[in-house]
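The values are calculated or read from the model by the stated rules, or taken from the named source; none is laboratory data. Bear in mind that the values here come from a model prediction, so they are computed numbers and not experimental data. Virtual Cβ from ideal backbone geometry, glycine too; neighbours counted across all protein chains shown. For the accessible areas, the whole protein counts, side chains as well, though only heavy atoms, and no ligand, DNA or RNA atoms are used. Shrake-Rupley method; radii C 1.70, N 1.55, O 1.52, S 1.80 Å.
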Amino acid sequence: MADPSSYRPKPGQIPDSPGVYKFRDEHRRVIYVGKAKSLRQRLASYFQDLSGLHPRTRTMVTTAASVEWTVVSTEVEALQLEYSWIKEFDPRFNVKYRDDKSYPYLAVTMNEQFPRVQVMRGQKKKGVRYFGPYGHAWAIRDTVDLLLRVFPVRTCSAGVFKNAARTGRPCLLGYIGKCSAPCVERVSPEEHRELAEEFCDFMAGRTGTYIRRLERKMTDAAEEMEYERAARLRDDIEALKKAMEKSAVVLADATDADLIALAEDELEAAVQIFHVRGGRVRGQRGWVTDKVEAVTTGDLVEHALQQLYGEETGDSVPKEVLVPALPELVEPVQEWLAERRGSNVSLRIPQRGDKKALMETVQRNALQALGLHKTKRASDLTTRSRALEEIAEALDLDSAPLRIECYDISHLQGDDVVASMVVFEDGLARKSEYRRFQIKGFEGQDDVRSMHEVITRRFRRYLAEKEKTGEWADGETGLTEEDGRPKRFAYPPQLVVVDGGQPQVAAAQRALDELGIDDIAVCGLAKRLEEVWVPGEDDPVVLPRTSEGLYLLQRVRDEAHRFAITYQRAKRARRFRASPLDDVPGLGETRKQALIKHFGSVKKLRSATIDQICEIPGIGRKTAEAIAVALAQAAPAAPAVNTATGEIMEDEEFATEEDATDAESETTAGSAGEPVSAGSSDERRGQER
């Protein structure tokens, strides 16, 4: 590990101008490439106190042994040079998207004398026009088969073409009219190239011109009583329309655009791209990357644009590129895209209408791609077995931890403090075993004390179940409920993981020691450095970044955080929607809803007389008096505001939405009388813990 001060450039040596810089390690390998509007300011940021750097940046500067730079005249040149160097040196600390599969393209080899239509994968070649990518090669072949009726372009290989030219006989496609047979000179090279260009124009989205032309020819043929020719043209038109129907219209104004969406967590990011041409989705592709440096969403977008358009020119770069976030320096990126296209390119975030709706669809695809990527890794039995063995070896366990429980504390600035317990068995989530806790022992924010309380409550229940059934090592059926399901806290884990560092680990171990439990291992996973802490040790256990064991621990930790924050939000939402009617003794949900339905809102109910309240079926005078007293004692609360829309929410909204929220969240029995619910993804981690 190098000391950055040992290779820090001297003051004033770095120029204050745009440029691109490279960090090299002790073996002179390039490990990071970056660009800057001001080299002096950017490089100075790497040589500050190490404790102030992002963990991944700190790893990079301590791995490096030297830094060098190249001055350029504009920020656009810096962007171009950065892309070239990343492609040339493949630095380990740069964001590098990797295709989750090799996508097939429809390619037209315009660089040949007789252009050929074919399916191509892999690296793009100069002089070849590409359309797609497509999800499956058969989708390309179906489309081509329809279009060859109208645009009979060559599709045969070089060997077949030469053999036909030698023998003077075309292949089968030439006989059935799906190839213009340039091999036997039925058409000239110029005529065949014109067919190929028309084919490319149609695939690029300029479809209306050809359909209208064929319709005119069909009408003319019918008027001249050439009915067979008119029938062929009619079939050609139907073939073109059928090919167009394979991609539905998504943007009514025949827009040419690429939509890029991202889904990311702390470790990885997935990008999805929809290629829209002529208002129709003509192709889709996606990538996944490890976040090996400190990057924002805008940075990820910039890297995606570099990889997507770095080798493209002309119409391959669309007029519009829609993204979820703009790069930090958007003007140079736009200029770079415009240079590659040869005309202006609009780089923006869609705000409303069809484009925003389509962007949401792309975003859902990105989320699914990221989830599928994680599931593929998690579902592989060999990988899971290796991960458990690595954890056992790193923590010095007697055997692989087949059952892992992870705990996390969540709150919003000290309010609504809750905790979650998630269970992984054999490396896979066991959602039926998830539990949720309310922190009851004290008020306020104290993660360490909260962790101690949760571990104590969970394993006190375990000891109670164990005491009921006796020593259960023989596998007696006393461990199960009447329906055959295991009791909620009967099974102990081999490993307890807590979300946090030394203090949380010490609290969890102290709770187990106080209960006399000495056969369960404890560790903690700290978010910032992804270090594994064990009780009683001053230094963490550092697992390699490529370790499957670390990846499993991160998944367990992230799932615990997601589950905790979901419960915390639901609990906070119920508190915000609390109604004065909740305090009326004996008033159930059915009669509360009947009251609200009759009067329309709590506000109108508050102004009603006791006799008017008694008119509601099932409400007696005593209950009506209790309702009136409760509403009179409850001071009208300040109106709640929907933070997303700015709307003031009336009383009736609180009363009618509350039941739906409770019914949705309380789905499965949980710990300490609390239910279990599935929830949304992790958001706003800065304030919500």
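Tell me which residues, restricted to segment 299-326, are open to solvent by 10 Å² or more (accessible area, probe 1.4 Å) and within 19 Å of the chain's Cα centre (by Cα).
Asp299, Glu302, His303, Gln307, Leu308, Pro324, Ala325, Leu326
If I filter segment 379-392 down to residues being farther than 14 Å from Leu428 by Cβ and either touching a Lys or Arg at 6+ places or on another chain (Cβ under 9 Å) or in contact (Cβ under 8 Å) with a residue 12 or more places away in the chain (or both), which single residue comes out as surrounded by the most Cβ atoms within 10 Å (Cβ to Cβ)?
Among them, the one singled out is Ile391.
Of Val76, Val108, Val67, which residue is in contact with a Leu (Cβ under 9 Å, 6 or more places away or on another chain), in contact (Cβ under 8 Å) with a residue 24 or more places away in the chain and either of a type in the set (A, V, I, L, M) or farther than 27 Å from Arg282 by Cα (or both)?
Result: Val67 is the single residue among Val76, Val108, Val67 that is in contact with a Leu (Cβ under 9 Å, 6 or more places away or on another chain), in contact (Cβ under 8 Å) with a residue 24 or more places away in the chain and either of a type in the set (A, V, I, L, M) or farther than 27 Å from Arg282 by Cα (or both).
Those residues that are surrounded by 17 or more Cβ atoms within 10 Å (Cβ to Cβ) and touching a helix residue (DSSP H, G or I) at 6+ places or on another chain (Cβ under 6 Å), I need them from segment 341-362; list them, please.
Val345, Leu347, Pro350
Just give me the residues in segment 77-119 being modelled with pLDDT of 80 or more, part of a strand (DSSP E or B) and open to solvent by 30 Å² or more (accessible area, probe 1.4 Å), in sequence order.
Passing the criteria: Arg116, Gln118, Val119.
Scan segment 57-70 and tell me whether some residue there is at pLDDT 80 or above and more than 18 Å from Ile31 (Cα to Cα).
no
Tell me which residues, restricted to segment 257-268, are open to solvent by 10 Å² or more (accessible area, probe 1.4 Å) and out of contact with any helix residue (DSSP H, G or I) (no Cβ under 6 Å at 6 or more places or on another chain).
Across segment 257-268, the qualifying residues are Glu264, Asp265, Glu266, Leu267.
Quick check on this structure: which one of Glu238, Glu245 is at pLDDT below 85 and over 30 Å from Gly286 (Cα atoms)?
Just a single option satisfies the conditions, and that option is Glu238.
How about segment 189-205: which of its residues are open to solvent by less than 40 Å² (accessible area, probe 1.4 Å) and either over 22 Å from Pro170 (Cβ atoms) or not aliphatic (A, V, I, L, M) (or both)?
His192, Glu198, Phe199, Cys200, Phe202, Met203, Ala204, Gly205
Working only within segment 14-60, note down all residues that are touching a Leu at 6+ places or on another chain (Cβ under 8 Å), touching a residue at least 60 places away in the same chain (Cβ under 8 Å) and open to solvent by 20 Å² or more (accessible area, probe 1.4 Å).
Those that are touching a Leu at 6+ places or on another chain (Cβ under 8 Å), touching a residue at least 60 places away in the same chain (Cβ under 8 Å) and open to solvent by 20 Å² or more (accessible area, probe 1.4 Å): Pro18, Lys37.
Give the residues of segment 178-224 that are at pLDDT 85 or above and assigned to a loop (DSSP other than H, G, I, E, B), sorted by residue number.
Matches in segment 178-224: Lys178, Cys179, Ser180, Ala181, Glu185, Arg186, Val187, Ser188.
Those residues that are open to solvent by 10 Å² or more (accessible area, probe 1.4 Å) and either of a type in the set (D, E, K, R) or out of contact with any His (no Cβ under 7 Å at 6 or more places or on another chain) (or both), I need them from segment 415-427; list them, please.
Scanning segment 415-427 gives Asp415, Asp416, Glu425, Asp426.
Check whether at least one residue in segment 14-23 is at pLDDT 85 or above and either closer than 16 Å to Thr59 by Cα or part of a helix (DSSP H, G or I) (or both), and report yes or no.
Yes, segment 14-23 has at least one match.
Which ones in segment 516-534 are out of contact with any strand residue (DSSP E or B) (no Cβ under 9 Å at 6 or more places or on another chain) and either under 20 Å from Arg56 (Cβ atoms) or modelled with pLDDT under 85 (or both)?
Arg528, Leu529, Glu530
Condition first: farther than 17 Å from Cys183 by Cα, modelled with pLDDT of 85 or more, in a loop (DSSP other than H, G, I, E, B) and of a type in the set (Val, Ile, Thr). Can you find one or more residues in segment 125-140 that meet it?
The answer is yes; a qualifying residue exists.
Out of (1) surrounded by fewer than 20 Cβ atoms within 10 Å (Cβ to Cβ); (2) modelled with pLDDT under 80, the odd one out for Val448 is which?
(2)
Under the condition of being open to solvent by less than 70 Å² (accessible area, probe 1.4 Å) and over 14 Å from Leu631 (Cβ atoms), which residue from segment 594-614 is farthest from the chain's Cα centre (by Cα)?
Per the stated criteria, the residue is Cys614.
Show the residue pairs that are 6+ apart or on different chains and have beta-carbon atoms under 6 Å apart, the first residue being within segment 124-153 and farther than 17 Å from Arg285 by Cβ and open to solvent by less than 20 Å² (accessible area, probe 1.4 Å), the second being assigned to a helix (DSSP H, G or I) and modelled with pLDDT of 75 or more.
Phe151/Leu195; Phe151/Glu198; Phe151/Phe199; Val153/Leu195; Val153/Ala196; Val153/Phe199
Please specify each residue of segment 509-543 satisfying the condition of being open to solvent by less than 10 Å² (accessible area, probe 1.4 Å) and either in contact with a His (Cβ under 7 Å, 6 or more places away or on another chain) or basic (Lys, Arg) (or both).
Ala511
Take the residues in segment 292-327 that are among the hydroxyl-bearing types (Ser, Thr, Tyr) and out of contact with any helix residue (DSSP H, G or I) (no Cβ under 6 Å at 6 or more places or on another chain), then tell me which one is nearest to Thr57 (Cα to Cα).
Ranking the candidates gives Thr296 first.
Can you name the residue in segment 269-287 that is in contact with a Leu (Cβ under 7 Å, 6 or more places away or on another chain) and part of a strand (DSSP E or B) and is also most open to solvent (accessible area, probe 1.4 Å) among such residues?
Checked segment 269-287; the qualifying residue most open to solvent (accessible area, probe 1.4 Å) is Phe274.
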